[in-house]
Amino acid sequence: MFEAPKLVDDLNVTLARYAVFGHPVGHSKSPVIHRAFAHQLGIALRYDAIDAAPGTLATALSRFAAEGGVGANITLPLKSEAFAAARAHSARAKRLGVANTLAWRGDHWYADNTDGEGLIRDLGDRHRIDLRGRRVLLVGAGGAAQGVLPALLDAGVAKVTITNRTPERADQLCDWVGDPARVQTWYLDDLRRAGDFDAVFNATAAGQHGEAVDLPFSIANPRTLAYDLSYGKAATAFLAWAKTAGCAYALDGLGMLVEQAAAAFELWHGQRPDTEPVHAQLARESRG
Ligand code: NDP
């Protein structure tokens, strides 16, 4: 894998500390990604994975700052707590009410959310896909769906239809975004009557549990983009569905993961890494 920069013990100097907080957190690829970015740009840092149980993040962050922590990535299920623990917020974090990136500002944490930017950059910069005017189906209504919905609208999609196993959550998400001309909901069981879509985003956690969302092939056409926010094994079932449905693109969320990390890295270090080699390496590894 990537050659990691030497850590604090090897160099006998105090390095700026970064970490991803989650629960669980052992599976996170963030340490590998950020160490690779730092190595690429010649930045010496220490990056750890820290498990924080729900309800303990604010305390864990205070301890981390006292120990030299200056930047944090936040993963499930702590993104709301991260937002609450920060004293200042970016406009996009405020809009969402959840944060995936924190930067220490001397005496307080500043919160940002780079998930939506990660998705749009993966599609636009890596895959050269223009979302303007597209009719989108968003499957799922949890944190990830909420995180990307404003970014999809900002990218100029024509219409977003939200569908979810629990329909009330789809309605809540629709009400929350407050754009009735462009956002509507549809029952998952009734998708056969919904026609086809230019893009289908799977933002469910079904694949994480080894399950699959039952989607009809009629929602796809030969130009449809199928994108699973999950990656690796968790995306297998949806990508297989997309290929059988004849979608033009069947992409997983690894690119989004790398791009949201790059946006966090830029916030912390003021430099944008080249994401391509890191994405390529991770993609090779996930193919085994
Ligand atoms: P949440 O727990 O907030 O939401 C889970 C969603 O999945 C809900 O809509 C839930 O429906 C639905 N769901 C779960 N199981 C099933 C099932 N068996 N069938 C149908 N629907 C199901 O999780 P997140 O929204 O935070 O995460 C969703 C996925 O997105 C995860 O796999 C995560 O890894 C990925 N993600 C990827 C990122 C990236 O950078 N690539 C960034 C963020 C997330 P219901 O409301 O009915 O429970």
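Considering each residue of the stretch 97-104 in turn, at least one proves to be modelled with pLDDT under 95 and of a type in the set (Gly, Ala, Ser).
Ala264 meets the conditions (1) modelled with pLDDT of 95 or more; (2) under 19 Å from the mean Cα position of the chain (by Cα); (3) under 19 Å from His127 (Cα atoms) in every case but one. The failed one is (3).
Considering only the stretch 130-140, state which residues are open to solvent by less than 20 Å² (accessible area, probe 1.4 Å) and not in a strand (DSSP E or B). Steps first, answer last, please.
The first filter runs over the stretch 130-140 and keeps only residues open to solvent by less than 20 Å² (accessible area, probe 1.4 Å), leaving 131, 136-140.
Matches in the stretch 130-140: Leu131, Gly140.
Considering only the stretch 125-137, I want to know if a residue exists there that is over 23 Å from Arg272 (Cβ atoms) and either among the aromatic types (Phe, Trp, Tyr) or within 13 Å of the ligand (Cβ to nearest atom) (or both). Looking through the stretch 125-137, none of the residues is over 23 Å from Arg272 (Cβ atoms) and either among the aromatic types (Phe, Trp, Tyr) or within 13 Å of the ligand (Cβ to nearest atom) (or both).
Listed by position, the helices (runs of 4 or more DSSP H) enclosed by the stretch 186-288 include none that has at least 3 residues that are among the basic types (Lys, Arg) and either in contact with a helix residue (DSSP H, G or I) (Cβ under 6 Å, 6 or more places away or on another chain) or buried (at least 19 other Cβ atoms within 10 Å of the Cβ) (or both). Taken over the stretch 109-128, the criterion of being open to solvent by less than 10 Å² (accessible area, probe 1.4 Å) and part of a loop (DSSP other than H, G, I, E, B) is satisfied by Asn113, Thr114.
Scanning the stretch 84-99 for residues that are farther than 29 Å from Thr14 by Cβ and either within 14 Å of the ligand (Cβ to nearest atom) or charged (D, E, K, R) (or both) turns up Arg92, Lys94, Arg95, Leu96, Gly97, Val98. Restricting to the stretch 240-266, and then to whatever is in contact with an Asp or Glu (Cβ under 6 Å, 6 or more places away or on another chain) and among the aliphatic types (A, V, I, L, M), can you tell me which residue is nearest to Ile129 (Cα to Cα)? Ranking the qualifying residues of the stretch 240-266, first place goes to Met256. Of all residues being more than 22 Å from Leu239 (Cβ to Cβ) and surrounded by fewer than 18 Cβ atoms within 10 Å (Cβ to Cβ) in the stretch 141-154, which is nearest to the ligand (Cβ to nearest atom)? Just the residue, please. Restricting to residues being more than 22 Å from Leu239 (Cβ to Cβ) and surrounded by fewer than 18 Cβ atoms within 10 Å (Cβ to Cβ), the top hit is Pro150.
Go through Lys79, Lys94, Lys29 for me and flag whichever is in contact (Cβ under 8 Å) with a residue 40 or more places away in the chain and within 14 Å of Asp115 (Cα to Cα). So that I can check it myself, show each step before the final result.
Numbers: Lys94 fails: in contact (Cβ under 8 Å) with a residue 40 or more places away in the chain; Lys29 fails: within 14 Å of Asp115 (Cα to Cα).
Only one candidate qualifies: Lys79.
In the stretch 141-161, the residues that are over 14 Å from Gly124 (Cα atoms) and assigned to a helix (DSSP H, G or I) reach residues that are within 7 Å of the ligand (Cβ to nearest atom) and of a type in the set (S, T, N, Q) with C-beta atoms within less than 9 angstrom, at least six apart or across chains, in these pairs: Ala144/Thr204; Ala144/Ser230; Ala145/Asn164; Ala145/Thr204.
The values are calculated or read from the model by the stated rules, or taken from the named source; none is laboratory data. The structure presented is a predicted model; accordingly, all values stated were derived computationally and were not measured. Note: ideal-geometry Cβ built from the backbone for every residue, glycine included; neighbour counts use all protein chains shown. Quick note on the areas: whole protein, heavy atoms, side chains included, nothing else; ligands and nucleic acids left out. Shrake-Rupley method; radii C 1.70, N 1.55, O 1.52, S 1.80 Å.
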